[in-house]
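Accompanying notes for the structure given below.
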Amino acid sequence: MKERERIVVIGLFALMLILWLGFAVHRSPRFPGSLWGGVLGVAGALLMLWPLGYSAVKRIPKLKGAVTKRLPMRTLLAWHVYTGIIGAVLAVLHTGHKFTSSLGILLTATMLVAVLTGVVGRYFMGQVSQELREKQGWLAKLQASYQQTADELARQPEPALALAAARGGVGRIAAALFAPEEMTVQSNLALSYRAMNLAESIADLEHAIKSHELLKRRFAIWLKLHIVSSVVFYILLTLHVWAGIYFGLRWFK
């Protein structure tokens, strides 16, 4: 997700939460049954049906092949996110903060959970995945640099290499006597310290990568919760629409 899209999505999500929290200071029991309340409800429901289309495209190979010839999955996913959040905003406005029926309360609650888990999964999983790819790239470069340094050390004469590891003045003098032409103690020490620093950096980076991989696996739970809450939400939405039709489309009176 691009930075601008991320900011817009988080802004819309914050707006949805602010509107939902408005029930503490505002109540309009008649608004959901009014004309504009009904328009907002229908528009929100239609927008929130789009994610079903995205899920179908994502999971049906033939449909995916036909659709992605014209629209890439990235674009479809962006629409999935936008329509879901905008539809939720319209749905909250449609309620008029009238949370009296059990069906309405459950419908609103599952909608909020579905949007929350979707945003968290999309934003944070994307961020973690990007950081993980970057760290894996850094690790590959460090490993290549370490291998190059190890090869340079392996080409040095063994007596000089052993003495170069010594930290005392006697070791430095002996190294210069044994291998005055091949290397100096300073260069060997520099190679040794470089290899040691690279090894420490590789170890730290591998630990960070394992932590990111664990975090990514944990975020997979958010995806499952998003799917479950979305399924429950659509079931409750169907019941809500059926109830509205059954009782005579009261919001259009």
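Every number in this text was worked out from the coordinates using simple rules, so none of it is lab data. Note that the coordinates shown come from a computational prediction; the quantities given were computed from them, not determined experimentally. Positions of Cβ are generated from backbone atoms using ideal geometry, with glycine treated the same way; all protein chains shown enter the neighbour counts.
Side notes on the structure shown:
- Given their separation in residues at 0.36 nm each and the Cα-Cα distance between them, ILE245 and GLN130 gain 36.8 nm when the chain is fully extended.
- Exposure proxy order (Cβ contacts within 10 Å, fewest to most) of SER145, SER28: SER28, SER145
- Spin-label zone in segment 35-54 - amide nitrogen under 15 Å from a point set 7 Å from the Cα of THR238 along the C-beta vector: 49, 52-53
- Ranked packing of 234-241, 117-124, most packed first, by mean Cβ within 10 Å: 117-124, 234-241
- Using R0 = 30 Å, the C-beta based FRET efficiency linking ALA56 and ALA220 works out to 0.90.
- Positive minus negative residues near THR149 (Lys, Arg vs Asp, Glu; Cβ under 15 Å): 0
- At an R0 of 25 angstrom, the distance between the Cβ atoms of ALA109 and LYS210 translates into a FRET efficiency of 0.10.
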